[in-house]
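Asker: Before anything else, here's the structure in question.
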Amino acid sequence: MTIDTTVGSQTSLHPLDDPVRTSLLGAHRRFATWVGRIGRYDPQVARFVGHPPVLDEQDWADLATVLGPGGSTGLRGHGHIPPARWTVLDEIGSVQMDGTALDVAPDPDLEVLTAADVPEILELIARTQPGPYARRTIEMGAYLGLRIDGRLVAMAGERLHPPGWTEISAVCTDAEFRGRGIATRLIRAVGAGIRARGELPFLHAVAHNTTAIDLYRTLGFTLRQRSALTVVQAPGAP
């Protein structure tokens, strides 16, 4: 199998320009499957695909191989025009935010979550819907949680890991415990772990989630770029 280690048709100017692909080529290479210029995380870890900015005919064929019949994924950026028999399912606006100025702080009341906590994590994710989270997503980085009366009620952790950066993700709090500053504590604590490694935090948010974006701004995150996720489905029955 030949792996194309360039980030796109031209060298990326910044690791965050293509964080999925740079993660798969670097810190997360152990999770990667490559076909040509298309890289995919192990689906039990994450359902992200790394790809060139513009897919040519061979790229679409390789993507179909990676996804399998009827498989779907999100492609970074606008304007993707798939070949015949592919289906565009959705286009979701997104923002990428730079956390260089995040005020970080460890929090001794938070616990490091482990594989033993995954059933509870998945239940919390199902209740709060912060975004996709698979059974082995916890292997992507450190995840912290808050328990109240023995129950996991909030969490956040590390996801994509391009060179020099780590994404903060899965920030969620049970509805009955919101408004207490728990998300802020989690973000700052996860950020403290990232900074301790000499790296910088960043994150992604759905463009219409203005409540979350406003919170991130108050914590020191700045808008780096706006983009979109084009969700496509490969030909064939799933």
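The values are calculated or read from the model by the stated rules, or taken from the named source; none is laboratory data. Source: prediction; values computed, not measured. All Cβ positions, glycine included, derive from the backbone under ideal geometry; neighbour counts span all protein chains shown. Heavy atoms of the whole protein, side chains included, go into the accessibility calculation; ligands, DNA and RNA do not. Shrake-Rupley method; radii C 1.70, N 1.55, O 1.52, S 1.80 Å.
Asker: Hey, can you tell me all the residues within region 122-142 that are part of a helix (DSSP H, G or I) and either modelled with pLDDT under 95 or hydrophobic (A, V, I, L, M, F, W, C) (or both)?
Answerer: Of everything in region 122-142, those that are part of a helix (DSSP H, G or I) and either modelled with pLDDT under 95 or hydrophobic (A, V, I, L, M, F, W, C) (or both) turn out to be L122, L124, I125, A126, I138, M140.
Asker: Considering only region 173-224, state which residues are in a strand (DSSP E or B) and either under 24 Å from D90 (Cα atoms) or at pLDDT below 95 (or both).
Answerer: L203, H204, A205, V206, L223, R224
Asker: Also, quick follow-up: In region 143-172, which residues are part of a loop (DSSP other than H, G, I, E, B) and surrounded by fewer than 16 Cβ atoms within 10 Å (Cβ to Cβ)?
Answerer: Passing the criteria: D149, G150, P163, G164.
Asker: On to the next question. Mind listing just one residue for me: the one in region 96-128 that is open to solvent by 20 Å² or more (accessible area, probe 1.4 Å), touching a residue at least 40 places away in the same chain (Cβ under 8 Å) and of a type in the set (S, T, N, Q) and, of those, farthest from G181 (Cα to Cα)?
Answerer: Residue satisfying both the conditions and the ranking: T100.
Asker: Taking only pairs six or more apart or across chains, which ones have beta-carbon atoms under 7 Å, a first residue in region 44-72 that is farther than 16 Å from V20 by Cβ, and a second residue that is open to solvent by less than 20 Å² (accessible area, probe 1.4 Å) and assigned to a helix (DSSP H, G or I)?
Answerer: none
Asker: Residue check: is W86 more than 20 Å from R185 (Cβ to Cβ), free of Cβ contacts under 8 Å to residues at least 60 places away in the same chain and out of contact with any Ser or Thr (no Cβ under 6 Å at 6 or more places or on another chain)?
Answerer: no
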